[in-house]
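Below you'll find the structure, written out as structure tokens, and then a few comments.
The values are calculated or read from the model by the stated rules, or taken from the named source; none is laboratory data. Model, not experiment: these values are computed from the prediction. Methodologically, a virtual Cβ is constructed for each residue, glycine included, from the backbone with ideal geometry; neighbour enumeration extends over all protein chains shown.
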Amino acid sequence: MDNLALIEAFGDFKEEKNISKVDLMAIIEDSLKTLLRKRYDSDDHFTVIVNPDKGDFQIFLNKTIVEDEMSEDDDLEIEISEARKIDETFEVGEDFTQEIKISQLGRRSILTLKQILATKIQEYHNAHLYQQFRDRIGEIMVGEVHHIRYKHVILLDDEGNEFILPKENQISSDFFRKSDNVRAVIESVDFKGSKPQIIVSRTSPKFLEKLLDLEIPEIQDGTIILKKVARIPGEKAKIAVDAYDDRIDPVGACVGVKGSRIHGVVRELRNENIDVIQWSKNPELLLKRALGNVTINKIEIDEAENRALVYTPSEEIAKVIGKQGQNIKLASWLSGYDIDVYREAAEDDDVELDEFSDEIEKWIIDIFKKVGLDTAKSIIDKDNDALVRLTDLEEETIEEVKRILQEEFEEE
């Protein structure tokens, strides 16, 4: 087998692995040097020249000319009489360069070279694949379901590259069949042994970001800014958007007429409920928007503890927390604050005085009612001197009554 025939033998493999001729020749040069080191313990006496234009290579052995019958290594030395058959001007001690054809290395060496080439081409392919997809982390890929296993699904793209979609990266309602086309975001690329392993995800917030980027032109062209995304995959998500131009309604642009724009994203995410809110630099306003359509009486921000205290009427607490705590959890992720909810009585949230008959004697309740004070707040809101004048009760009695009434609201 000559040099060109050897390269031709790797033609199909080269095309299959998408390697350029220049890169293939560099691999052949490296492989030849590896072979020479295996056979001769060193490649110091060899020169390998590759010609990408011709797709050919040459191996030259550099020997030293010695006196006749003084050669100790036929591979590295040549006797003067043999050298002068080539050129009569040669002298002892000079270098003698001889071209070595690949066929001269023997059949076993050619087989070894093929193995080395195959290994190095695979290494090249693996390194190229690793770098290619390492640079694409965070991008959406589309793959066909090739194999479904218990812990993961294997996807193949149009070029035959393999992607792994682990069970934990699948939406709980995902159901795949062989040959289905699946979209996911590239999450990580790492070597498993000598082969790169590409992990993709459908549960990552980045997947939602990229879907929005595909579906909403204003996000793609930068007119609308996607500030933050928080999601519980397959259940609920909240996204905060903003616009450079105050004349643009970023929320309306994302949702579309009757939800037309967001619908495609919702469908891809297996009907995941998506709330779109407008971003604000004001943390209290952002928190109110993030918590949704609920009544918030007051918000206290503790920047040192990165915590927000949210005060809301008792009947609104369930809505603030949401199903399985989803609403408050997503609002916390979106705002960046740990949220504590406190029940607070509204202005009209009062209690009839008769409700305290087990703690306040009935004759005292009757005295208050006679002067028109028949609710807890009507007594708490008046100062002690005024109550003494109205009821003619002792100040100590009034203070005790107030204490009992205030405890009720503090407990709430």
In region 5-12, is there at least one residue being at pLDDT 70 or above, surrounded by fewer than 18 Cβ atoms within 10 Å (Cβ to Cβ) and assigned by TED's automatic domain parsing to the domain that holds ASN126? no
Give region 111-135 a look and list any residue that's without any contact (Cβ under 8 Å) to a residue 12 or more places away in the chain and either at positive phi or of a type in the set (A, V, I, L, M, F, W, C) (or both), or say none. LEU111, ALA127
With the requirement that a residue be free of Cβ contacts under 8 Å to residues at least 40 places away in the same chain and touching a Gly at 6+ places or on another chain (Cβ under 9 Å), what does region 176-201 give you? ASN181
When region 96-116 is examined, which residues are found to be modelled with pLDDT of 75 or more and part of a loop (DSSP other than H, G, I, E, B)? LYS101
If you go through region 369-412, how many residues are under 13 Å from VAL351 (Cα atoms) and either among the hydroxyl-bearing types (Ser, Thr, Tyr) or part of a strand (DSSP E or B) (or both)? 2
Taking region 352-368 as the search range and keeping residues that are outside any loop (DSSP other than H, G, I, E, B), out of contact with any strand residue (DSSP E or B) (no Cβ under 9 Å at 6 or more places or on another chain) and charged (D, E, K, R), which one is surrounded by the fewest Cβ atoms within 10 Å (Cβ to Cβ)? LYS362
Considering each of LYS151, LYS192 in turn, give the residue that is at pLDDT below 95, in contact with a Lys or Arg (Cβ under 6 Å, 6 or more places away or on another chain), farther than 20 Å from GLU268 by Cβ and not assigned by TED's automatic domain parsing to the domain that holds ILE27. LYS151
Suppose the filter is closer than 30 Å to ILE27 by Cβ, surrounded by 11 or more Cβ atoms within 10 Å (Cβ to Cβ), touching a helix residue (DSSP H, G or I) at 6+ places or on another chain (Cβ under 7 Å) and of a type in the set (Phe, Trp, Tyr); does PHE57 pass it? yes
List every residue pair whose Cβ atoms sit under 8 Å apart, with the two residues 6 or more apart in sequence or on different chains, where the first one lies in region 76-101 and is over 18 Å from PHE60 (Cβ atoms) and the second, anywhere, is loosely packed, with under 14 Cβ neighbours inside 10 Å and among the charged types (D, E, K, R). GLU79/GLU67; GLU79/ASP68; GLU79/GLU69; ILE80/GLU67; ILE80/ASP68; ILE80/GLU91; SER81/ASP68; VAL92/GLU67
Conditions: (1) at pLDDT below 90; (2) assigned to a helix (DSSP H, G or I). ILE328 meets all but one. Number of the miss? (1)
